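Trainee: Just passing along the structure, written as structure tokens.
The values are calculated or read from the model by the stated rules, or taken from the named source; none is laboratory data. None of these values were measured; they are calculated from a predicted model. When we count neighbours, we look across all protein chains shown, and the Cβ atoms used for this are built from the backbone with ideal geometry, even at glycine.
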Amino acid sequence: MTTGCAWRSALARQLPLRLTAGTFFLSSGLSKIGADEATAEGLQQFAATAYPFLGGQDARKFVRLLAAGELAIATALLLPVVPAAVAGGALTAFSVGTLGLYLRVPGMREEGGLRPTEQGIALAKDVWLLGIGVSLVVDDVNERR
């Protein structure tokens, strides 16, 4: 169990990471809540390109679930009572999914490499989310030792 002083120290260390990623996810989740049918279909079709099992879902339901997931991650990151390992684990899992899109959707990367195309930059930059998520998990695990 961590002491109050150690907990505050860990929170101070993690705060920039949690605020940065948390506000990003809050904004992204809120923007998807009222998505119109065309936006919902576009997002679902894009995701289904990399993850075909998503193609059979209702597009509006898919976007509502995506928004709810993003808002749950935002909440976990922004509420300091949520352990960093939990928030970081959720962020890591989500970022692995978005990086999967980057790796699987045609046109996101230059031929034969990992370097992003102009279209792929939006997903390739999500590697910072993976770094933040893993850092939060590692920091929490080390703090508990």
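Trainee: Taking the stated definitions as given, is Leu130 surrounded by fewer than 18 Cβ atoms within 10 Å (Cβ to Cβ), part of a helix (DSSP H, G or I) and either touching an Asp or Glu at 6+ places or on another chain (Cβ under 9 Å) or modelled with pLDDT of 95 or more (or both)?
Mentor: Judged against the criteria, Leu130 is a match.
Trainee: If you go through the stretch 38-82 one residue at a time, how many are surrounded by 15 or more Cβ atoms within 10 Å (Cβ to Cβ) and over 17 Å from the mean Cα position of the chain (by Cα)?
Mentor: Going through the stretch 38-82 one residue at a time, the tally reaches 9.
Trainee: Additional query: Let me spell it out: the conditions are (1) assigned to a helix (DSSP H, G or I); (2) in contact (Cβ under 8 Å) with a residue 60 or more places away in the chain, and Pro80 meets all of them except one. Which number is the exception?
Mentor: The failed condition is (1).
Trainee: Now, a different point. Does Ala10 satisfy being surrounded by 15 or more Cβ atoms within 10 Å (Cβ to Cβ), in a helix (DSSP H, G or I) and at pLDDT below 95?
Mentor: yes
Trainee: Another question, if that's okay. Of everything in the stretch 104-137, what is among the hydrophobic types (A, V, I, L, M, F, W, C) and without any contact (Cβ under 8 Å) to a residue 12 or more places away in the chain? Give them in sequence order.
Mentor: Within the stretch 104-137, Leu114, Ile121, Ala122, Trp128 qualify.
Trainee: Let me ask something additional. Can you give me the number of residues within the stretch 86-100 that are polar (S, T, N, Q) and closer than 12 Å to Glu70 by Cβ?
Mentor: Number satisfying all stated conditions: 2.
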